[in-house]
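The values are calculated or read from the model by the stated rules, or taken from the named source; none is laboratory data. Only a predicted model underlies this, so the values are computations on that prediction, with no experimental measurement involved. A quick note on method: Cβ atoms are made from the backbone with ideal geometry, for glycine too, and the neighbour counts reach across all protein chains shown. Calculation scope for accessible area: heavy atoms of the full protein, side chains included, ligands and nucleic acids excluded. Shrake-Rupley method; radii C 1.70, N 1.55, O 1.52, S 1.80 Å.
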Amino acid sequence: MTEIVKARNVSMKFKAVDALTDVSLDVAPGEQVALLGHNGAGKTTLFRIMLGFIKPTAGSISIAGFAPGSNEARRIVSYLPEQVAFPKMLTGREVVRFYARLKGAPLDDVQSVLAKVDLVDAADRRVETYSKGMRQRLGLAQALVGKPALLLLDEPTSGLDPLSRQHFYELIADVARQGGSVLLSSHGLSELEAKTDRVAILRNGRLVANGPLAALQDEANLPVRIRVRAAATAIDKVHAEIGGGRINGASVELFCARGEKMRILSKISGLGAKVEDVDVAAPTLDEVYRHFSKIGVDEALRGTL
Amino acid sequence: MHGVLTIAATEIRIGLRNRWIILSSMILLAFALILVLLGSAPGGEVKTDAVTVVVASLSTLSVYLVPLIALLLSFDAIAGEIDRGTLQLVLASPVSRGAVLVGKFLGHVAVLGIAVSFGYGIAGIVTYLANGGGELGALIGVGRLIVTSIILGATFIAIGYIASASVRQTGTAAALAIAIWLFAVVLYDLALLGGLLASQDGFFASEVFPWLLVLNPADAFRLYNMSAIDAAAVGSNLGGGAGSALPISGLATMASPVIWAGMALGLSTFILKRIRP
Ligand SMILES: Nc1ncnc2c1ncn2[C@@H]1O[C@H](COP(=O)(O)OP(=O)(O)OP(=O)(O)O)[C@@H](O)[C@H]1O
Ligand SMILES: [Mg+2]
């Protein structure tokens, strides 16, 4: 299967700033990839390269085999910039129709994408009357029109409430089901709600992780937290049996590797009535993300020591 | 082609919605009606057709107002759209950058054209009727004024795109647009006048000055309109005074704004193609 995005060792240097260093990233047709990174990690820069707005200082990139920004590439790509202010005086429908015409999409598409982003009722109102979330959804409608083979969405869920965000991921899944590829950027894993096939994490312009969420969780191998509440008088015995640290007089907290979890849990259940309650917490997505975001720092530290 | 028309139509729609068209029509009409009132004040001696007198004063008005309106219309076209993020969307679509600029140009010229036609058209008809009709031929003068004003406006719209495409901030583009206006319609003429006064041997006045006059699209516009309405009947003016020494005359004078518009469009397309949004 030919990749729709194929980036090989892409580097981008702005005078003193290394915005991207040696980034290689593929996106297959029908695949949804999330591009994560802190502020200034290089997400928007990578999008601008894929659109052909700027040329990478090193490496190569192709969009369905074509050069970024070429007529062929522009015909299959849709973009949602991180910030866009549509003409206030136009209605939502007029805005979407405008981009549909520019893309040569059938005008029937306009009504259907407006319905998809839930803007039909507001479609004939001026954009100036829209709320922030409605403007964001209008931006998304504009990107969806014309059934692009590749959607490049720069922070599409910023400003969306949790319900709209969930609705957004359903829309994206729909696009992917019809064979379209989606590359979207975001600031954290928790925002993604585990909705994309693959996660790529940029840190200071370098790709520090690239794989399915489950694989990243395995790779990070963060400890599982187990919290045990002991019965009234049994706290010392429980502590002696399973170790860990004591917290607030009645509980014991310990961390173990994921492989260890079941062994420790069975030990705890062996304690019978001495244990009142057990709480097991797998590492949160934010912790996994923080782990990968820090990798670069650790390496840098190791280098200087 | 599809993209060009879409972009042009949207510019016109925005011009209508944000009251640009109605506002500039009103400004032109207000100034024009003031001139009509002033023009009819002397009363008694009506050798020249009243409409022709008004057309003459309106073409002087056009030299100042039309470039200003044109530049105000165009300075935001590229810098502003980059700021708002909409240019990125347009450039990401399959429309070529040249087509984007031509589309905007057609749209903006149409916006200016509607405003000028309304403003001057109504003023012309009012004058015609207020003076109890008269020769219909005088109305042709109004039509000529409208058409040439639109050409003059198109020139400054294209020049405004150069300003808008060469800077990243809308504020800077606005300042640049005002500077262009000030230079082209005020300072340039003052400098020419100074040159005339300073040159003793008459070489400047006879050989250089006429060319410099035609070189400026605003002056070329004035020259053409003055020559077309028989300047002698209306009185002396900067263009009329040099009329005999002009290197080119009649309709050919209008080649100056047309060539300027073409060059400015070419240059702004060139700059737009190099923009990295
Ligand atoms: N035109 C430019 N000139 C100089 N430096 C630039 C330019 N564009 C981007 N950079 C730098 O490149 C780095 C990456 O910027 P980029 O906008 O790609 O970050 P980002 O990941 O999108 O951040 P955010 O989450 O804040 O949007 C930053 O350090 C930024 O300052
Ligand atoms: Mg960004």
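A few points about this structure:
- When B:Gly85, B:Gly103, B:Gly113, B:Gly121 are checked against the criterion of being over 17 Å from B:Ala9 (Cβ atoms) and either modelled with pLDDT of 95 or more or open to solvent by 10 Å² or more (accessible area, probe 1.4 Å) (or both), B:Gly121 stands alone in meeting it.
- On inspection, A:Ala257 qualifies as surrounded by fewer than 16 Cβ atoms within 10 Å (Cβ to Cβ) and touching a residue at least 24 places away in the same chain (Cβ under 8 Å).
- Selection of the stretch A:69-81 for residues being assigned to a strand (DSSP E or B) and at the interface with another protein chain (Cβ under 7 Å from one of its Cβ atoms) yields A:Val77, A:Tyr79.
- Of the residues making up the stretch B:53-89, those that are outside any helix (DSSP H, G or I) and without any contact (Cβ under 8 Å) to a residue 60 or more places away in the chain number 1.
- Residues of the stretch B:81-107 satisfying the condition of being within 22 Å of the chain's Cα centre (by Cα) and more than 10 Å from every other protein chain (Cβ to nearest Cβ): B:Leu101, B:Val102, B:Lys104, B:Phe105, B:Leu106, B:Gly107
- When residues of the stretch B:1-48 are limited to those that are over 25 Å from the mean Cα position of the chain (by Cα) and surrounded by 15 or more Cβ atoms within 10 Å (Cβ to Cβ), the one modelled with the highest pLDDT: B:Gly3
- Among all positions in the stretch A:226-245, there is no residue which is farther than 23 Å from A:Thr2 by Cβ, in contact with a Pro (Cβ under 8 Å, 6 or more places away or on another chain) and more than 16 Å from ligand 2 (Cβ to nearest atom).
- Pick from the stretch A:110-122, criterion assigned to a loop (DSSP other than H, G, I, E, B) and open to solvent by less than 20 Å² (accessible area, probe 1.4 Å), ranking: farthest from A:Glu3 (Cα to Cα): A:Ala122
- Checklist (1) out of contact with any helix residue (DSSP H, G or I) (no Cβ under 9 Å at 6 or more places or on another chain); (2) assigned to a strand (DSSP E or B) applied to A:Leu163, failing item: (2)
- Residue selected from the stretch A:1-57 under the condition away from chain B (no Cβ under 14 Å), in contact with a Pro (Cβ under 8 Å, 6 or more places away or on another chain) and open to solvent by less than 40 Å² (accessible area, probe 1.4 Å), by the criterion farthest from ligand 1 (Cβ to nearest atom): A:Ile4
- Restricting B:Val95, B:Val142 to residues that are in a helix (DSSP H, G or I), in contact (Cβ under 8 Å) with a residue 40 or more places away in the chain and not polar (S, T, N, Q) narrows the list to B:Val142.
- Among the residues here, A:Arg126 does not qualify as at pLDDT 90 or above, more than 16 Å from ligand 1 (Cβ to nearest atom) and out of contact with any strand residue (DSSP E or B) (no Cβ under 6 Å at 6 or more places or on another chain).
- Matching residues, the stretch A:82-109, being closer than 27 Å to A:Ser186 by Cα and not in a loop (DSSP other than H, G, I, E, B): A:Gly92, A:Val95, A:Val96, A:Tyr99, A:Ala100, A:Lys103
- Summed over the stretch A:21-68, residues that are part of a strand (DSSP E or B) and more than 13 Å from ligand 2 (Cβ to nearest atom) total 17.
- Residue satisfying condition, being within 16 Å of ligand 2 (Cβ to nearest atom), free of Cβ contacts under 8 Å to residues at least 24 places away in the same chain and not small (Gly, Ala, Ser), within set A:Gln111, A:Gln83: A:Gln83
Conditions (1) part of a helix (DSSP H, G or I); (2) in contact (Cβ under 8 Å) with a residue 24 or more places away in the chain; (3) aliphatic (A, V, I, L, M), marked per residue:
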site: B:Trp181; (1), (2), (3): yes, yes, no
site: B:Asp189; (1), (2), (3): yes, yes, no
site: B:Gly195; (1), (2), (3): yes, no, no
site: B:Leu213; (1), (2), (3): yes, yes, yes
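- Lone qualifier among A:Arg125, A:Arg137 - being surrounded by 15 or more Cβ atoms within 10 Å (Cβ to Cβ) and without any contact (Cβ under 8 Å) to a residue 40 or more places away in the chain: A:Arg137
- Evaluation of A:Leu150 against (1) open to solvent by 50 Å² or more (accessible area, probe 1.4 Å); (2) closer than 30 Å to A:Thr2 by Cβ; (3) over 15 Å from the mean Cα position of the chain (by Cα) (one fails), failing number: (1)
- Boolean, A:Gln83 is over 30 Å from B:Trp20 (Cα atoms) and surrounded by fewer than 19 Cβ atoms within 10 Å (Cβ to Cβ): no
- Every pair of residues 6+ apart whose Cβ atoms lie under 7 Å, when the first sits in the stretch B:248-277 and is open to solvent by 30 Å² or more (accessible area, probe 1.4 Å) while the second is within 16 Å of ligand 1 (Cβ to nearest atom): B:Arg276/A:Phe53; B:Arg276/A:Ile54
- Of residues in the stretch A:58-74 being more than 20 Å from A:Thr21 (Cβ to Cβ) and touching a residue at least 24 places away in the same chain (Cβ under 8 Å), the one nearest to ligand 1 (Cβ to nearest atom): A:Ile63
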